[in-house]
Amino acid sequence: MLSIIIPVYNEAENLRLLHHKLIQALDNLGREYELIYVDDSSTDDSNKFLQEFEASNSKVKVIRLARNFGQTLAIQAGIDYSHGDIFILMDADLQNDPGDIPKLLQKIDEGYDVVSGWRKQRRDPLFSKKLPSFIGNKLISFLFGVRIHDLGCTLKAYRRNIIANIRLYGEMHRLLPLYAAMNGASITEVEVSHNPRLTGKTHYGWERIFKVSLDLITVRFFEKYSTKPIYFFGSVGVGMLMLGAMVGIAVIIRTVFFQGAWISPLLFISLMFFAMGVQLILMGLLAEIIIRIYYQSQKTQTYLIKETKNNKINH
Ligand code: UDP
Ligand code: MG
């Protein structure tokens, strides 16, 4: 089954047309589907419309969050309440076109795990959206080796098994394909059309750039060190200790051979490096304890199986 998941926050003016286009596109597919709207506690008439849609069509499900949790958590709620083996995520603002859904599904049917929409003709402001996103996408495909042009396009299709064990936090829906790639997903992209936002206004501004940068550091960290954080903290820590030792030796040489003073800024710099090094190594040990608790309490595996015949895990 197919699950379409749509986070909605104050999109009342867009909903009727969106719903109409969606139902048309989905009915034409000839597949079993469910259409899940997650109302992120809208303060306008959005919920009224959604209730109407739900009442008139048994394939529509509406979930209303208790407060405005943000797009990512709205998507997570949608995933949790969905039953499909394929998800399609989409915005409610009509910038994406429901008519593109068959294109995405075709790639899923070819065997890909993630199909990403690529807004080749993107209709958004240049400086606040297109430029930062161009630079971001280049950087990401360079750093992560995930060769897609448009990570930020919400219109994407995923196989359930590839993201079912990923919990979404913060605003990480933007980087979901990277987490999927960490799980070994095969990823491709198809061109999709894009419209300017006609009504309502964008919920994100410039601050997005800083958030994405920090999120990228987080993904990188998880990708490399999620089961061995001490390698990260420890290597920085050891680097600090070595710097401390070098500066310390310089101070000793200066005092013993060149009659320099013991007490000088260099001595304190050396001590500072030592203290930081020890702290970092201790933080690494703490992180090791934390990840052990994390994996064992959640019964989360430190690895992920692609397939195995008739073999069940032995807890
Ligand atoms: N959205 C949401 N909760 C929020 C902010 C946004 O559910 O707190 C929804 C919004 O209704 C839209 C989608 O997330 O369906 C994307 O938002 P927007 O169009 O503002 O983002 P942009 O396309 O400008 O990046
Ligand atoms: Mg939008």
* Asked: Just how large is the dipole of the stretch 1-115 about the Cα centre, in debye to the nearest 20, putting +1 at every Lys and Arg Cβ and -1 at every Asp and Glu Cβ?
  -> 160
* Rounded to 10°, Cα long-axis angle of helix 46-56 versus longest principal axis of the chain -> 50
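Taking 28 Å as the cut-off for C-alpha to C-alpha distance, list the pairs among Lys61/Lys129; Lys103/Lys312; Lys59/Lys156; Lys103/Lys138; Lys61/Lys138 that go past it.
Numbers: Lys61/Lys129 32 Å; Lys103/Lys312 36 Å; Lys59/Lys156 20 Å; Lys103/Lys138 24 Å; Lys61/Lys138 37 Å.
Listed pairs above 28 Å: Lys61/Lys129; Lys103/Lys312; Lys61/Lys138.
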* Structure fact -> For the chain, using Cα atoms only, the Rg and Dmax in Å read 25.0, 90
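Subtract the Cα-Cα distance of Gln51 and Lys312 from 0.36 nm times their separation in residues, and report this length gain in nm to one decimal. Don't skip to the end; give the middle numbers.
Values: separation 261, 0.36 × 261 = 93.96 nm, distance 4.20 nm.
My answer for the length gained is 89.8 nm.
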* Asked: For Glu32 and Leu304, FRET efficiency with R0 = 25 Å and r from the beta-carbon atoms, rounded to 0.05?
  -> 0.35
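Loop by DSSP (not H, G, I, E, B), at most 10 other beta-carbon atoms within 10 Å: where is the longest site-free stretch of the chain for trypsin sites (Lys or Arg not before Pro)?
Values: sites that count: Arg67, Lys201, Lys299, Lys306, Lys309, Lys312.
By the stated rule (loop sites, at most 10 other Cβ atoms within 10 Å), 68-200.
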* Asked: Mind checking the angle between helix 71-80 and the chain's longest principal axis? C-alpha axes, 0 to 90 degrees, to the nearest 10.
  -> 70
* To do: Taking the Cβ of each residue in Ile79, Ile166 as the centre, tally the other Cβ atoms inside 10 Å and list the residues starting with the fewest.
  => Ile166, Ile79
* To do: Please work out the FRET efficiency for the pair Leu17 and Glu191, using the Cβ-Cβ distance as r and a Förster radius of 22 Å; give the result to the nearest 0.05.
  => 0.45
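Nearest 20 debye, what's the magnitude of the dipole of the stretch 167-255 about its Cα centre given +1 on Lys and Arg Cβ and -1 on Asp and Glu Cβ? Could you put the intermediate results ahead of the total?
Numbers: 10 positive and 6 negative charges, 50 e Å.
With Lys and Arg at +1 and Asp and Glu at -1, about 240 debye.
What percent does the relative contact order of the chain come to when contacts are Cα pairs within less than 8 Å and at least six residues apart? Please report the intermediate quantities before stating the final value.
On the way: 462 pairs, mean separation 51.3, N = 315.
So the answer I get is 16 percent.
For the stretch 195-303: lysine pairs with Cα atoms under 23 Å, gap of 8 or more or different chains, count?
Working: Lys201/Lys211; Lys211/Lys224; Lys224/Lys299; Lys228/Lys299.
So the count works out to 4.
Among bridges DSSP assigns within the chain, what percent are antiparallel (round to 5)?
Of all bridge pairs located within the chain, approximately 25 percent are antiparallel.
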* Between Lys201 and Met1, what is the label-to-label distance in nm when each label sits 7 Å out along the Cα-to-Cβ direction? -> 4.0
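Provide, as a two-decimal number, the C-alpha radius of gyration of the stretch 146-241 over 2.2 N^0.38 Å, N being how many residues it has. Write out the running numbers ahead of the final one.
Details: Rg = 16.7 Å, N = 96, 2.2 N^0.38 = 12.5 Å.
Dividing the Cα radius of gyration by 2.2 N^0.38 Å gives 1.34.
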* To do: Could you pull out every one of the aspartates and glutamates with an alpha carbon less than 16 Å from that of Lys48, ignoring same-chain neighbours closer than 8 positions?
  => Glu11, Glu13, Asp39, Asp40
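Hand me the chymotrypsin sites (Phe, Trp or Tyr not before Pro) from the stretch 220-285 located in a DSSP loop with no more than 16 other Cβ atoms within 10 Å, in residue order please. It would help to have the intermediate numbers written out before the result.
Values: sites: Phe221, Phe222, Tyr225, Tyr231, Phe232, Phe233, Phe257, Phe258, Trp262, Phe268, Phe273, Phe274; in loops: Trp262.
Answer in residue order: Trp262.
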* Asked: Helix 265-297 sits at what angle to the longest principal axis of the chain, using alpha carbons and giving 0 to 90 degrees rounded to 10?
  -> 40
* Please get the size of the charge dipole for the chain, origin at its Cα centre, with Cβ charges of +1 on Lys and Arg and -1 on Asp and Glu, quoted in debye to the nearest 20. => 880
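Bear in mind these aren't lab numbers, they're just calculated from the coordinates by the rules spelled out. No experiment lies behind these values; they were computed from the predicted model shown. Note: ideal-geometry Cβ built from the backbone for every residue, glycine included; neighbour counts use all protein chains shown.
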